[in-house]
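Q: The structure follows.
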Amino acid sequence: MSNLTLILLAAGSSSRFELDVKKQWLRIAEQPLWQFVAKRCENIGHFEKIIITSSQEDIEFMKSHADYTFVTGGSSRQQSLKNSLKHVDTEYVLVSDIARACISEAFLKKIISCVGISDCVVPYLGVSDTIVYDGKTIDRERVKRVQTPQLSRTSALKSALLQQEEFTDESSAIVANGGSREFILGEETSHKITKITDLKELSCLKPPSNDTLSGTGFDVHAFDDKGEMYLGGVKIESEYGFKAHSDGDVAIHALIDALLGAAGMGDIGMMFPDNDENYKGIDSKELLHVVVRKLRNFGFVIINVDLTIAAQKPRIGEYKIKMRRTLSAILNIESQRVNIKATTTEKLGFIGRGEGVGVIANVNLKYFDWTKI
């Protein structure tokens, strides 16, 4: 059994990436970037455990993709690393960033082969340009650009991170704590993704799949003689509303389920539990805004929406155009891509008896195409 654990840090907010899509959710073919990087490392087969840090918002969705050990990250890279180290019981640990996406198999094997030669083994690159610091030209031969992954003795790294000072890499913390560091030559092709333009530097990244992802949602709500009625984000003139924990907008609820289904993100009850007082009486448009933001963050683009509203009463024909415009604004797509259909059940069933409304929603998504930036 290997005596080495891999930690991949992916809890960052991508604040310098300048896109709604978090860089860890950019698709490489069908895989999000974090999974693509983890799989490349896993295929070498030297790790007893692979740990991936994630933000609290992302972690549940990550768990649906792969069977790694997922750890909630902290407010800084160092805190995320400290959280992960609590789950490491091997003698050595290799730490890298998801943004270091194209580490070659040969180099990964090279750094792993250095296990035990120092408290921390660090890849670096030299500098070919003249370096001026604080107005003075300095010897560029003494300058090193430090890379990840870094291979550390687990006990040395855990001890080093007990310090209060914040460090930008593992080796600096270990050296500051009295540990040893060994440099090895890194690789130029292991470029780190920090900004959008960095994507063009990495030849190992395949374009996202052009698959269409479809989802279906269905919801019903009974009438209530209290409150107001909202359908498709629009107030309907009616003497009754819906029995519901939120405002009861059955059309938006079905739409949310369809969106989550297409993305593989569960259902509306998982995301907005009906026993949570935070959602009592809430405007369903607010819930839809949250879902749309999550879809964008996770690398999805909405193509179109088709809603079928089954209601014996009230008549909603005059509201359909307003529904389209309201929903398209939230979904950030053209109104012609939001289709609203209305039908009755020919007086059959609870809908036909005028006891409530049912809605079926169908949506199509695609992956955000980062190659067209």
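Q: Kindly provide the set of residues from the stretch 211-230 that are buried (at least 16 other Cβ atoms within 10 Å of the Cβ) and touching a Phe, Trp or Tyr at 6+ places or on another chain (Cβ under 6 Å), ordered by number.
A: HIS221, PHE223
Q: I'm checking my understanding of the structure. Among residues of the stretch 274-312 that are over 24 Å from the mean Cα position of the chain (by Cα) and touching a residue at least 60 places away in the same chain (Cβ under 8 Å), which one is farthest from VAL363 (Cα to Cα)?
A: By that ranking, first place goes to ILE309.
Residue-by-condition table, conditions (1) over 22 Å from ILE44 (Cα atoms); (2) free of Cβ contacts under 8 Å to residues at least 24 places away in the same chain; (3) surrounded by fewer than 19 Cβ atoms within 10 Å (Cβ to Cβ):
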{"site": "MET62", "(1), (2), (3)": "no, no, no"}
{"site": "ASP67", "(1), (2), (3)": "no, yes, yes"}
{"site": "SER75", "(1), (2), (3)": "yes, yes, yes"}
{"site": "ILE117", "(1), (2), (3)": "no, no, yes"}
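Q: Name the pairs: first residue in the stretch 21-50 and more than 21 Å from ILE196 (Cα to Cα), second residue open to solvent by 20 Å² or more (accessible area, probe 1.4 Å) and acidic (Asp, Glu), Cβ to Cβ under 7 Å, at least 6 apart or on different chains?
A: Once the first residue is more than 21 Å from ILE196 (Cα to Cα) and sits in the stretch 21-50, its partners that are open to solvent by 20 Å² or more (accessible area, probe 1.4 Å) and acidic (Asp, Glu) give ILE44/GLU105; ILE50/GLU42.
Q: Here is a further query. In the stretch 172-210, how many residues are under 20 Å from TRP34 (Cβ atoms), open to solvent by less than 70 Å² (accessible area, probe 1.4 Å) and in a loop (DSSP other than H, G, I, E, B)?
A: Within the stretch 172-210, residues that are under 20 Å from TRP34 (Cβ atoms), open to solvent by less than 70 Å² (accessible area, probe 1.4 Å) and in a loop (DSSP other than H, G, I, E, B) number 8.
Q: Hey, another quick one. Picking from LYS294, LYS285, which residue would you name as being in a helix (DSSP H, G or I), under 16 Å from ILE59 (Cα atoms) and either open to solvent by 10 Å² or more (accessible area, probe 1.4 Å) or touching a Pro at 6+ places or on another chain (Cβ under 8 Å) (or both)?
A: Testing whether each residue is in a helix (DSSP H, G or I), under 16 Å from ILE59 (Cα atoms) and either open to solvent by 10 Å² or more (accessible area, probe 1.4 Å) or touching a Pro at 6+ places or on another chain (Cβ under 8 Å) (or both) leaves just LYS294.
Q: Which numbered condition in (1) open to solvent by less than 20 Å² (accessible area, probe 1.4 Å); (2) in a strand (DSSP E or B); (3) among the β-branched types (Val, Ile, Thr) is the only one that ILE330 fails?
A: (2)
Q: Return the residues of the stretch 119-158 that are open to solvent by 80 Å² or more (accessible area, probe 1.4 Å) and in a strand (DSSP E or B); say none if nothing qualifies.
A: VAL132, TYR133, LYS136, THR137, ARG145
Q: Could you identify the single residue in GLU91, GLU105 that is among the charged types (D, E, K, R), closer than 25 Å to ILE174 by Cα, in contact with a Lys or Arg (Cβ under 9 Å, 6 or more places away or on another chain) and surrounded by fewer than 19 Cβ atoms within 10 Å (Cβ to Cβ)?
A: That would be GLU91, the only listed residue that is among the charged types (D, E, K, R), closer than 25 Å to ILE174 by Cα, in contact with a Lys or Arg (Cβ under 9 Å, 6 or more places away or on another chain) and surrounded by fewer than 19 Cβ atoms within 10 Å (Cβ to Cβ).
Q: Go through the stretch 137-168 and give me each residue that's within 17 Å of ILE111 (Cβ to Cβ) and out of contact with any helix residue (DSSP H, G or I) (no Cβ under 9 Å at 6 or more places or on another chain).
A: Across the stretch 137-168, the qualifying residues are LYS144, ARG145, GLN147.
Q: Okay, moving on. Within the stretch 246-290, track down each residue that is out of contact with any helix residue (DSSP H, G or I) (no Cβ under 8 Å at 6 or more places or on another chain), of a type in the set (Asp, Glu) and modelled with pLDDT under 95.
A: Once the filter is applied, which keeps residues that are out of contact with any helix residue (DSSP H, G or I) (no Cβ under 8 Å at 6 or more places or on another chain), of a type in the set (Asp, Glu) and modelled with pLDDT under 95, the stretch 246-290 yields ASP274, ASP276, GLU277, ASP283.
The values are calculated or read from the model by the stated rules, or taken from the named source; none is laboratory data. Since the model is a prediction, treat every value here as computed from it, not as a measurement. All Cβ positions, even for glycine, are placed from backbone atoms using ideal geometry, and neighbour counts span all protein chains on display. Note: accessible area is taken over every heavy atom of the protein model, side chains too, but ligands, DNA and RNA are not part of it. Shrake-Rupley method; radii C 1.70, N 1.55, O 1.52, S 1.80 Å.
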